[in-house]
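The values are calculated or read from the model by the stated rules, or taken from the named source; none is laboratory data. As the structure is a computational prediction, the values presented were derived from the model and not from experiment. For neighbour counting, all protein chains shown are included, and Cβ atoms are generated from backbone atoms with ideal geometry for every residue, glycine included. When the accessible area is computed, the model is the full protein with side chains, heavy atoms only, and any ligands, DNA or RNA have been set aside. Shrake-Rupley method; radii C 1.70, N 1.55, O 1.52, S 1.80 Å.
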Amino acid sequence: MARKHNVLAQGDWWQLRAAAAPRAAELLIYGDIGTDFWGGESTSALDVVRALADLDVDTLTARINSYGGSVADGLAIYNALRRHPAAVTTAIDGVAVSIASLIAMAGDTVQMAQNGRLMIHAPWGLLMGNAADARESDEQLVQMRG
C-alpha cells in the first residue's frame, strides 16, 4: 500500500508522518482524546502508543489541537511520549484543553502558537447512581486530581 504524504500510521483523527528533516516524524493529535469519547471519531491511545512503539527517529514533534476527552487515554499518550527515546517537541497548534493540556506537557520542549490556547482544569465527570456511587465517583476524581 503506497503512503500518501509520508504518512507512517494514522487513525481517524490522528496521524503520524515523516517530517522533512532526516530521522524526524510528526504526530498530529487533532480531535478528542479517547475512543469515541464524545460520540464521534477521536484519538485512541492504543493506536497512538502502537504507532510510537515502532517509530525509530531522533526527533518527534507532536502537534496538538484538541478539547480533551478521556483521562485514561490521555495519560497513556502522555506516558508513551515521555518514554519515547526521541527528542520530543509538543506544539499547541490551536487548543490543548483538559487532558490534551497534560499531553502537551509531555514534550522535552513545549511550543504554543501565538494565538494558541492552553486550558487546565480539575477533573470532572457525570454521575448517575446512589450515594455509594457518588462516594466512589468522588474518590476517583480526587485520585485523578493527584
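Within the stretch 113-122, the set of residues being surrounded by fewer than 10 Cβ atoms within 10 Å (Cβ to Cβ) and small (Gly, Ala, Ser) comprises just one member, 122. With respect to the conditions (1) modelled with pLDDT of 95 or more; (2) in contact with a strand residue (DSSP E or B) (Cβ under 9 Å, 6 or more places away or on another chain); (3) of a type in the set (D, E, K, R), residue 83 lacks only one, and its number is (2).
Residues in the stretch 1-41 that are under 16 Å from residue 58 (Cβ atoms), at pLDDT below 85 and in a strand (DSSP E or B): 8, 16, 17, 18. Of all residues in the stretch 72-90, those satisfying the criterion of being touching a Gly at 6+ places or on another chain (Cβ under 8 Å) and among the hydrophobic types (A, V, I, L, M, F, W, C) are 72, 81, 88. Being modelled with pLDDT under 95 and of a type in the set (S, T, N, Q) is the filter; apply it to the stretch 115-143 and report the residue that is farthest from residue 28 (Cα to Cα). Within the stretch 115-143, the match that is farthest from residue 28 (Cα to Cα) is 130.
For every residue, the table says whether it meets (1) in contact with a Phe, Trp or Tyr (Cβ under 8 Å, 6 or more places away or on another chain); (2) among the aromatic types (Phe, Trp, Tyr); (3) surrounded by 14 or more Cβ atoms within 10 Å (Cβ to Cβ).
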residue: 66; (1), (2), (3): yes, no, yes
residue: 73; (1), (2), (3): yes, no, yes
residue: 124; (1), (2), (3): no, yes, no
residue: 128; (1), (2), (3): no, no, no
residue: 146; (1), (2), (3): no, no, no
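Tallying residues that are surrounded by fewer than 20 Cβ atoms within 10 Å (Cβ to Cβ) and either out of contact with any strand residue (DSSP E or B) (no Cβ under 7 Å at 6 or more places or on another chain) or among the aromatic types (Phe, Trp, Tyr) (or both) within the stretch 50-64 yields 4.
Give me a count of the residues in the stretch 93-104 that are outside any helix (DSSP H, G or I) and modelled with pLDDT of 95 or more.
Of the residues in the stretch 93-104, 5 are outside any helix (DSSP H, G or I) and modelled with pLDDT of 95 or more.
Within the stretch 96-105, the set of residues being open to solvent by 20 Å² or more (accessible area, probe 1.4 Å) and either more than 15 Å from residue 42 (Cα to Cα) or in contact with a His (Cβ under 6 Å, 6 or more places away or on another chain) (or both) comprises 102, 105.
Results for (1) touching a residue at least 60 places away in the same chain (Cβ under 8 Å); (2) closer than 22 Å to residue 8 by Cβ; (3) in a helix (DSSP H, G or I), shown as yes or no for each residue.
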| site | (1), (2), (3) |
| --- | --- |
| 60 | no, yes, no |
| 81 | no, yes, yes |
| 106 | no, yes, no |
| 118 | no, no, no |
| 129 | no, no, no |
